[in-house]
1. Can you tell me which of (1) in contact (Cβ under 8 Å) with a residue 24 or more places away in the chain; (2) of a type outside the set (A, V, I, L, M, F, W, C); (3) out of contact with any strand residue (DSSP E or B) (no Cβ under 9 Å at 6 or more places or on another chain); (4) closer than 18 Å to B:Ile35 by Cα is the one B:Asp179 doesn't meet?
2. For B:Gln239, which of the numbered conditions (1) on the phi > 0 side of the Ramachandran plot; (2) in a helix (DSSP H, G or I) fails to hold?
3. Can you find, within region A:66-76, the residue that is nearest to the other protein chains (Cβ to nearest Cβ) among those that are on the phi < 0 side of the Ramachandran plot and surrounded by 21 or more Cβ atoms within 10 Å (Cβ to Cβ)?
4. Any idea how many residues of region B:156-200 are in a helix (DSSP H, G or I) and either within 14 Å of another protein chain (Cβ to nearest Cβ) or of a type in the set (S, T, N, Q) (or both)?
5. Quick check, is B:Arg48 within 14 Å of chain A (Cβ to nearest Cβ), out of contact with any helix residue (DSSP H, G or I) (no Cβ under 8 Å at 6 or more places or on another chain) and surrounded by fewer than 23 Cβ atoms within 10 Å (Cβ to Cβ)?
6. Out of region B:134-151, which residues are part of a helix (DSSP H, G or I) and more than 8 Å from chain A (Cβ to nearest Cβ)?
7. Residue check: is A:Arg80 in a strand (DSSP E or B), within 12 Å of chain B (Cβ to nearest Cβ), of a type in the set (D, E, K, R) and over 24 Å from A:Trp15 (Cα atoms)?
Protein chains: 2
Amino acid sequence: MVLSAVPTQYIRGVWKRLGGYLPVGLPIVSVAKGIENETLLRPTEVIREVLNQAGFGQLGRPAPLLAALSGPNIAAELARYLPATAVAACADEDLATRVQSAFSTQWFRVYTNADTVGVELAGASKNVIAIAAGILDGLAAGNNAKAALVTRGLVEISRLGAAMGAQPATFAGLAGLGDLITTCVSPEGRNRTVGERIGKGQKLADILATMDSVAEGVPTTRAVMQLAHRYRVEMPITQAVHAVLFEGKDAIDALTDLMSRDPKPESGDNTVTR
Amino acid sequence: MVLSAVPTQYIRGVWKRLGGYLPVGLPIVSVAKGIENETLLRPTEVIREVLNQAGFGQLGRPAPLLAALSGPNIAAELARYLPATAVAACADEDLATRVQSAFSTQWFRVYTNADTVGVELAGASKNVIAIAAGILDGLAAGNNAKAALVTRGLVEISRLGAAMGAQPATFAGLAGLGDLITTCVSPEGRNRTVGERIGKGQKLADILATMDSVAEGVPTTRAVMQLAHRYRVEMPITQAVHAVLFEGKDAIDALTDLMSRDPKPESGDNTVTR
């Protein structure tokens with residue numbers, strides 16, 4: 001089993017180099033959480049495309065075995081053997097179970113899930129909400145506001161997922177809600193940290209220039225906005241993050257706009273469509 | 001409009017005294033988050049019962065107008081005018097909208113919701129999960145574990161709600177997930193604090209003896225366990241909290257048991273029934 005753990009923007013390049021050396025039948029488990037800009041492909045889709053170009057799935061050579069592993073997994077805690085959970089996602093139930101067995105330990109509980117689209121999309125899109133959560137932290141807006149943000153953020157990324165054929169249960173599960181929570185509350189998170197510095201008035205270019213690791217949520221914000229347009233899904237929080245990151249909108253103005261939308265019922269059609 | 005803001009255990013006594021003075025047609029908005037022990041009634045049900053005994057809803061006197069207001073509303077933050085959201089719950093849409101108007105401000109966004117059962121049950125049962133979250137904090141288990149707990153906790157309280165006729169969307173909304181998140185992460189929360197002290201090895205009786213305010217989650221744990229039995233719903237986290245609080249079970253043993261259940265798929269029937 002091979003773990004593909006490079007940030008989304010490097011996946012294509014890495015697998016172009018590695019693809020030729022991959023033994024037939026060796027499963028690849030992707031743990032990247034992003035959407036490739038321009039192509040709007042998920043990590044396992046990028047790997048599949050590159051491997052197909054390298055001859056897999058053609059001329060009698062079997063298609064690559066691909067799965068995704070995702071969940072509330074802040075690395076610093078995993079490194080200390082603190083208890084955590086994750087989801088092994090693959091439409092092929094047998095492979096999902098193999099990944100589950102390979103990664104399960106006493107302190108790491110792995111569930112299987114057939115919905116690879118949902119698991120990868122949730123893992124990517126929650127980073128956009130995490131930037132918004134960081135912005136609230138930077139503005140010192142408090143936990144009531146952050147809890148509302150996570151709740152409404154989950155609604156809008158689930159809505160995109162449903163439009164793309166993912167299962168709502170995936171977004172309510174560990175790779176959706178679970179990962180969203182840990183990313184929005186853990187101080188270590190890179191995406192939340194970018195948001196916090198934005199909320200304190202720093203410029204995105206200055207923040208990115210001083211970071212020594214990749215904040216996937218920044219390019220993912222562009223990708224998710226494009227997906228929202230393509231699938232005609234309303235995503236007010238993602239739109240607000242996009243406006244703050246890339247259109248020069250003031251963070252307080254964006255928050256005020258979100259808070260002052262028309263009063264409305266919470267559930268029913270409105271939860272799903274607005 | 002009258003706000004009923006006393007802890008659940010005092011509601012019956014307070015409204016027995018007040019009931020006779022309540023002007024006909026004056027709406028009562030309950031913000032209590034609990035389940036009355038013994039009767040297993042929700043706060044608005046207790047008020048209705050007491051008022052009916054005082055003559056409302058009988059002999060041509062109109063029934064009392066009752067609504068619930070609930071959401072991620074840590075009081076210390078509301079007092080500082082930090083942005084927050086809530087749900088005004090009432091089957092009578094007109095009354096729900098009146099409550100929404102009465103409480104809405106620029107910094108407090110109120111949604112309406114017809115599902116009073118779900119809103120009150122979510123507000124009560126999330127306090128049990130908050131005690132569990134505190135226990136994890138006391139054990140220094142980390143945010144990955146807490147995110148998993150909140151995710152699985154929401155699954156089990158939603159399951160109870162569904163069995164009792166509540167709407168799943170309510171549990172995914174601000175009065176469910178939203179309130180659950182802020183209660184589990186805000187250091188101020190009384191229920192989370194009780195759990196944290198349990199996790200650090202203190203005894204429940206000693207903790208309660210030193211608290212000058214009510215931790216509703218402690219009696220609510222008994223009530224929710226009884227509801228789980230009555231409606232035949234599996235609630236492993238609630239059961240673990242009950243065992244730690246009232247049956248002398250060690251917190252680490254309870255956590256280990258939860259982490260070492262049989263490996264299983266995340267979604268599908270298992271999400272709903274186990």
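The values are calculated or read from the model by the stated rules, or taken from the named source; none is laboratory data. As the structure is a prediction and not an experimental result, all values here were calculated from the model. Neighbour counts are summed over all protein chains in view; Cβ atoms, including those assigned to glycine, are modelled from backbone coordinates with ideal geometry.
1. Among (1) in contact (Cβ under 8 Å) with a residue 24 or more places away in the chain; (2) of a type outside the set (A, V, I, L, M, F, W, C); (3) out of contact with any strand residue (DSSP E or B) (no Cβ under 9 Å at 6 or more places or on another chain); (4) closer than 18 Å to B:Ile35 by Cα, the lone unmet condition for B:Asp179 is (3).
2. Only one criterion in (1) on the phi > 0 side of the Ramachandran plot; (2) in a helix (DSSP H, G or I) is unmet by B:Gln239, namely (1).
3. Out of the qualifying residues, it is A:Pro72.
4. We begin by selecting, within region B:156-200, every residue in a helix (DSSP H, G or I); these are B:156-163, B:168-171, B:174-185, B:190-199.
From what is left, the residues that are either within 14 Å of another protein chain (Cβ to nearest Cβ) or of a type in the set (S, T, N, Q) (or both) are B:156-159, B:161-162, B:168-171, B:174-185, B:191-193, B:199.
Residues flagged as in a helix (DSSP H, G or I) and either within 14 Å of another protein chain (Cβ to nearest Cβ) or of a type in the set (S, T, N, Q) (or both) within region B:156-200 amount to 26.
5. Details: within 14 Å of chain A (Cβ to nearest Cβ): no; out of contact with any helix residue (DSSP H, G or I) (no Cβ under 8 Å at 6 or more places or on another chain): yes; surrounded by fewer than 23 Cβ atoms within 10 Å (Cβ to Cβ): yes.
Answer is no for this residue.
6. B:Gly134, B:Ile135, B:Leu136, B:Asp137, B:Gly138, B:Leu149
7. Values: in a strand (DSSP E or B): no; within 12 Å of chain B (Cβ to nearest Cβ): yes; of a type in the set (D, E, K, R): yes; over 24 Å from A:Trp15 (Cα atoms): yes.
The answer is no for A:Arg80.
Results for (1) farther than 30 Å from A:Ala133 by Cα; (2) of a type in the set (A, V, I, L, M), shown as yes or no for each residue.
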position: B:Gly176; (1), (2): no, no
position: B:Thr182; (1), (2): no, no
position: B:Val185; (1), (2): no, yes
position: B:Ala228; (1), (2): yes, yes
position: B:Val233; (1), (2): yes, yes
position: B:Ala254; (1), (2): yes, yes
position: B:Arg261; (1), (2): yes, no
